[in-house]
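A short write-up of the structure that comes next.
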Amino acid sequence: MNITMIGTGYVGLVTGTCFSEFGHNVTCVDKIKEKIETLKKGEIPIYEPGLEQLVKKNISEGRLHFTTELSEAIPDAEAVFLAVGTPSSRRGDGYADLTYVYQAAREIAPYLNDYTVIVDKSTVPVGTARQVKRIIQEENPNADFDVASNPEFLREGAAINDFMRPDRVVIGVESERAEKVLREIYKPLYLIETPIVCTTIETAELSKYAANAFLAIKISFINEIANVCEAVGADVADIAKAIGMDGRIGSKFLHPGPGYGGSCFPKDTTALMRIVQEYGEHVRLVETAVEVNFAQKARMVKKIRDMLGGSEAGKTIAFLGLTFKPETDDMREAPSITIITSLMEKGARVKAHDPKGMDEAKKVLPEGVIYTRNAYEACEGADAVVLMTEWNQYRALDLKKIKNLLNEPIFIDLRNVYDPKNMKKLGFKYTGVGRK
Ligand code: UGA
């Protein structure tokens, strides 16, 4: 099949590359010329495990192409996926900014030739596909096309595997013709019996928000239970294990921490709140999950302050990990930003290390953060160490060495990587989240 991907951001690049790996002929379009030139050479602008190899392989096998020209990419496409950005609106009101989606629709319209399915891949509010349809009809009344919604459920850092082995694929369509095209595109997944949920366009659009909102609620829930554990002296890791074994609850997304971040949960939860408000409805659980998440970050600041004896002023704190989660260089909405900024405002000095995220971190963290070459250098002469992001390389630290490098053996483990008993045996003043 001939597929065109509009937008070579995270979603567009992963999706386009994986479709070419399925055997389809894929053309990825982006307006930024330099980006397209770089991609043509098989170099990718983001860090995502396995992606660069897959891009190179499919370019060399002739199935993956990059261009800035819609006139080359659209006329022969049987499906055009819109994977452009939907940032939070610049008005700061939580709405998703759909400028790029509508602009893309307007720009592709004149080039549509034979029957084409225009698929929304970006996370968009309910009703967006209908608007895309209206725009294309306005721009090109003769175009033979259908619109569809095909939300993505990829996690950064695990996107290739999530794409190749999804729990399900959701397609929202309004005609059998469009359904046939989308089923054909995902045919390689039939071999591994991936369920395809075929539904209306509005249902597909909302299902993405519902999934992310539910996961955000699940994380905020376990973070609140962690706080209760701290009050009563219980262990949240054991509680997560105990409740997670109940098939109705499930063990995933029950890891307490400093609060969720990233480009999806914070944006999609607020966007959902705004969408339902327009219909006079509420999503109170989602609203609360968002509040709990803010409070969790503030609670982490207090936790660090308490461990430092009540004040961070004049203290040096080592941060291990800065990105919102491991295996990515993404700093968007990373809890480290709020936590480090608050501590520095109160006079703390920060030394930090992250395996992939330091370039991005430099753009968003306050000036004055000292970036180090490794975890040990960050700990040298620090008054406490905070394990912020659970990168694999921080899971087997030389703890004796860390203890010797620190001024004070204070270890604040915001991801519960280490065993509290063992840490205390080693002589650390240790705290995790939701366990003593
Ligand atoms: C999330 C969803 O998991 C994907 O299914 C979805 O496609 C994607 O958003 C999206 O909308 O595009 P992502 O933001 O890449 O993916 O990362 P997650 O692995 O979901 O982690 C999000 C945040 O939650 C991280 O800050 C992580 O540390 C935190 N988290 C996750 C916890 O604090 N506890 C957990 O148990 C799980």
>> Let me spell out the model: positive unit charges on the Cβ of Lys and Arg, negative unit charges on the Cβ of Asp and Glu, origin at the Cα centre of the chain. What dipole size does that give, in debye rounded to 20?
In response: 1880
> Full extension from SER251 to GLU52: what is 0.36 nm times the residue separation minus their Cα-Cα distance, to one decimal in nm?
Replying inline: 68.5 nm
> What residues have an amide H closer than 5 Å to that of ARG349, excluding those fewer than 5 places away on the same chain, when H is modeled at 1.01 Å from N in the peptide plane?
Replying inline: GLY314, LYS315, THR316, ILE317
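Report the FRET efficiency, 1/(1 + (r/R0)^6), for LYS302 and LYS241, where r is their Cβ-Cβ distance and R0 is 22 Å, rounded to 0.05. Don't skip to the end; give the middle numbers.
Values: r = 27 Å, r/R0 = 1.22.
So, using R0 = 22 Å, E works out to roughly 0.25.
Taking 60 Å as R0, compute the FRET efficiency from the Cβ-Cβ separation of ARG177 and GLU291 and round it to 0.05.
According to the calculation, E is roughly 0.85.
State the Kirkwood hydrodynamic radius of the chain in Å, one decimal place, computed from all pairs of distinct Cα atoms.
Values: mean 1/r = 0.0428 Å⁻¹.
Taking the inverse mean of 1/r over all distinct Cα pairs, the chain comes out at 23.3 Å.
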> Which length gain, in nm to one decimal place, applies between ASP93 and ARG134 when the Cα-Cα distance is subtracted from 0.36 nm times their residue separation?
Replying inline: 12.2 nm
> Are there GluC sites (Glu not before Pro) in segment 19-82 that DSSP puts in a loop and that have at most 13 other Cβ atoms within 10 Å, and which ones?
Replying inline: GLU43, GLU61, GLU69
>> Taking the beta-carbon count within 10 Å as an exposure proxy, list PHE153, PHE428 from fewest neighbours to most.
In response: PHE153, PHE428
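Select from the chain the helices, each a whole stretch of DSSP H, whose alpha-carbon atoms run 24 Å or more along the helix axis and whose Kyte-Doolittle mean is at least 0.5; answer none if there are none.
Result, helices passing both filters: 201-232.
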> To the nearest 0.05, what FRET efficiency results for ASP76 and TYR186 with a Förster distance of 22 Å applied to their C-beta separation?
Replying inline: 0.60
> How do ILE108, ILE192 line up, fewest other C-beta atoms within 10 Å first?
Replying inline: ILE192, ILE108
> Using 7 Å Cα-to-Cβ label points, what is the LYS346/ASN392 separation (nm, one decimal)?
Replying inline: 3.6
> Cα-based Rg (one decimal) and Dmax (whole number) for segment 135-252, in Å?
Replying inline: 19.8, 68
>> From the Cα trace of segment 2-199, what convex hull volume per residue do you get, rounded to a whole Å³?
In response: 118
> Can you tell which of ASN227, THR8, ALA96 lies farthest toward the positive end of the dipole of the chain, using +1 and -1 charges on the Cβ of basic and acidic side chains (Lys, Arg; Asp, Glu)?
Replying inline: ASN227
> If all Cα-Cα distances of segment 213-431 are sorted into 10 Å bins from 0 onward, what percent lands in each bin, rounded to whole numbers?
Replying inline: 8, 33, 36, 18, 4, 1
>> Just to check I understand the Karplus step: with θ = phi - 60° and J = 6.51 cos²θ - 1.76 cosθ + 1.60, what whole-Hz values come out for segment 320-330, glycine and proline as x?
In response: 9, x, 10, 5, 5, 6, x, 6, 8, 9, 6
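Every read-out reported here was derived from the displayed coordinates using simple, explicitly stated rules and does not represent laboratory data. Predicted model only: the values in this text are computed from it and were never measured. No Cβ is skipped: glycine too gets one built from the backbone with ideal geometry, and neighbour counts run over all protein chains shown.
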